[in-house]
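Step one of this worksheet: look at the structure below.
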Amino acid sequence: MTSRIAGLLLTLSLIAGCAGSGAQVTPILDGEPTQAYQRDLEDCRSLARGQNQLDQETVAATLIGAVAGAAIGDLDDDGDALGGAVAGGLLGGVSAAVEAMEKREEIVFHCLRGRGHRVVG
């Protein structure tokens, strides 16, 4: 039981460590970068990293997954609510972290396009 709690805490720590990921994307440009590109890239990355609601959504998804997993685990014949909580928290947190990373990448791409850079991906 203690190892499962430690596993859940480790998982939450790893998910929290992903905060801001996606903002470090290096976009592919159609053509040569302009003189302002590097400054604009850093500004757009900073904008993407500053979207704290994405981190809050990740934590919320982890908690919701843990609660749902605990409820499902409790219904099981074994009554393993803690195992369900760990699995549910892991699933919810990882999927939300991936989604947050993708949203941050999109923010960088849209920001650069808005500043006149020809970003293709």
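Here, each number is a calculation from the coordinates, and none is a lab measurement. Keep in mind that what you see is a predicted model, and the values were worked out from it rather than measured. We place every Cβ from the backbone using ideal geometry, glycine too, and count neighbours over all the protein chains shown.
Return yes when Ala60 is more than 14 Å from the chain's Cα centre (by Cα), surrounded by fewer than 21 Cβ atoms within 10 Å (Cβ to Cβ) and without any contact (Cβ under 8 Å) to a residue 60 or more places away in the chain and no when it is not. No, not satisfied. Report whether or not Val98 is of a type in the set (A, V, I, L, M, F, W, C) and not in a helix (DSSP H, G or I). No: the conditions fail for Val98.
Do we find a residue being under 30 Å from Gln38 (Cα atoms), within 10 Å of the chain's Cα centre (by Cα) and part of a helix (DSSP H, G or I) anywhere in the range 103-117?
Looking only at the range 103-117, we keep the residues that are under 30 Å from Gln38 (Cα atoms), and these are 103-117.
Narrowing the set further to residues that are within 10 Å of the chain's Cα centre (by Cα) leaves 103-104.
Next cut, part of a helix (DSSP H, G or I) only: 103-104.
Yes.
For the range 99-121, a tally of residues being under 16 Å from Gln56 (Cβ atoms) and surrounded by fewer than 18 Cβ atoms within 10 Å (Cβ to Cβ) returns 2. Of all positions in the range 21-29, none carries a residue that is crowded, with 20+ Cβ neighbours inside 10 Å, in contact with a Cys (Cβ under 8 Å, 6 or more places away or on another chain) and touching a residue at least 40 places away in the same chain (Cβ under 8 Å).
Filtering the range 19-77 to residues that are among the aliphatic types (A, V, I, L, M), farther than 24 Å from Ser95 by Cα and assigned to a loop (DSSP other than H, G, I, E, B) leaves Ile28, Ala36.
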